[in-house]
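Reviewing the structure listed below.
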Amino acid sequence: MMKFMHDSHEIGHALINKKLIIMGNNHILPRWLTDVPVDLSGYLLTDVFCMLIGYEDVLQKIIQNNRQTKPLIISQIYHQAPDGQERYFDLQIEQFRQINAVLLLSITDVTQSTELEQSLRQERNDLRLQIIKRERAEAALQQAKEAAEAANRAKSEFLANMSHEIRTPMNAVIGFSELLSSLITDKKQKSYLSSIQSAGKTLLTLINDILDLSKIEAGRMEIQYEPINLSQLLNELKQIFALKIAGLKFIIEINQTLPPTLLLDGMRLRQVLLNLIGNAIKFTEQGHIKLSVHERCQKNDSRKIDLIFAVADTGIGIPEDQQKKIFEAFQQQEGQNSQKYGGTGLGLAISKRLVEMMNGQISVRSQKEQGSVFEIILRDVELSNPAPLATDKKKIDFKNILFERARILVVDDIESNRSLIRESLSQLNLEVIEAEEGATGLVFAEESQPDIILMDIKMPVMSGYEAISELKKNPTTQQIPVIALTASALVNEQSQIKAYGFDGYLSKPISISELLTELSRYLKHKMLESVNKPPVHAANINPSSRSDLLEKLEQCRLKWEEIHDGFDLEEIKYFSLKVKKLGETSQQQHLYDYGNNLCQLIENFEFEEIENSLNQFPELIG
């Protein structure tokens, strides 16, 4: 027994008799119990090992050799030595029958393993805590994301509703003023109407800017690439701004090596350039506005170029510390006179984001009182094979179209909308039937069999979507063309309109010319040629005035040849006033009417009509 006890250098041992008295121990055991004698013989087990108090019954079962009784094991007993060192040991008592002993007590130092286990346990706890924190953070992030998405949906719904609610009264304001403009001849009244139309269009521009910004933020703005003739687009810009820059030079420089046709989003590019040129004009009182365009070829791809636009002015300039701020939404240059210059601070923010969506960037170089240069770089613009480009629909005027007798059903819950269409179309040999909600429209469509239906989208009780679904199911109405009337400018609304089977759509406020153009696609009609006044015949003029009239007509003809190809609106205006004056002094009504009409076309920026009128002049004078 003593040999066994002395050879066990890693474990402390003690032998115990039936009365739980220690009979002997090896020298290792006291190492864990430095506050007791080296020889523990004669000591009661529970006096030395206090943790065994209460285990007497278990120890007696082990002594009685009960096979069902397992050894008594107490793990990781904490012990602090007098020097303050902390240790852990495992205690085990099992049956051991030799001489007078019946129990064997074994103590093993497990300090290192316990500390390691505790360290691992702590690491596991720390890791578990980190996981819990991360899960909570992810849950909070998910909740924030869902809240943001819900807020974004709410904002989109609000904007759609706002668009509808504002565009509905705007439809009446702009539509009826346009209708009145075609009926009123008094100059003062026309001036009042012009102010109403101008204010309405300004408000509509503001609405469109807010919706554009919101669509970009919501990721609903889409870039539509198509073949664009850049020279034609720039010429349109020159025509638009020709009369708005009185006292300023408007210069356009195009690199002659620029490809004729490029794949671009013409509408969005035009929107950006209109904003930049409009700003340049607004902030420039003298000097010039210059729009230049050139390309930068790519060495590794001959089918792509970088396209560079620059809009330079000699205006008030922008301080360096304000140049980043002006591209932020609702921000303007500090100290800017808002009453003088106006604006909402949205134009440049929208332009910047549109340029970025077209794979480009916009920047500005400027010094206060020394003008500004806004530069746009569109990267990787693809060349397009020259092909017939889509042209805008030609606007149709009341005076130029005559419809065959036809019946139109207008379904709209807003009385003013129906009234506008009724008053407009009743002058054109068209019968208008009105329904103020979708269900009534279905009844009228089946009973009256109209030639075409104009259907509002958002109506109470039955929406336009529900109504067209019923119309297309009914064999008696499924072939009737249905045009949607929508006050929404959202892309998903337009896609939904097509998906439901509408044959077309008109956005509110409804332009009368666009309405006539849409109707002309489905209704029989004929276009009326402009009635020209008879040419001047020298025989019908007083001989004393004949020579003078012919001389002045020849001067007008030479002036016409000079301006016909250049399309300089200032020169065309001068020409129109000269013809008007000649008609007045010579009492030739057709000359006066021609000059007066051309003046009005210039004032209204009716570019197509200006060109048509110029083409008619040689025939007018014979």
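The values are calculated or read from the model by the stated rules, or taken from the named source; none is laboratory data. This structure is a prediction, so every number in the text was calculated from the model and none was measured. Here the Cβ is made from the backbone with ideal geometry for all residues, glycine too, and neighbour counts use every protein chain on show. Heads up: the accessible areas ignore ligands, DNA and RNA and are worked out on the full protein's heavy atoms, side chains in. Shrake-Rupley method; radii C 1.70, N 1.55, O 1.52, S 1.80 Å.
Brief remarks follow.
- Segment Asn229-Arg422, extension gain: residue separation times 0.36 nm, minus the distance between their alpha carbons: 65.6 nm
- Surface accessible to a 1.4 Å probe, Thr111 within the full protein complex, Å²: 10
- 10 Å beta-carbon shell around Ile63, net charge (K/R +1, D/E -1): +4
- Given a 1.4 Å probe and the protein chains as shown, Glu10 ends up with an accessible area of around 150 Å².
- Per-residue SASA remark: Lys578, around 60 Å² accessible (1.4 Å probe; ligands, DNA and RNA not included).
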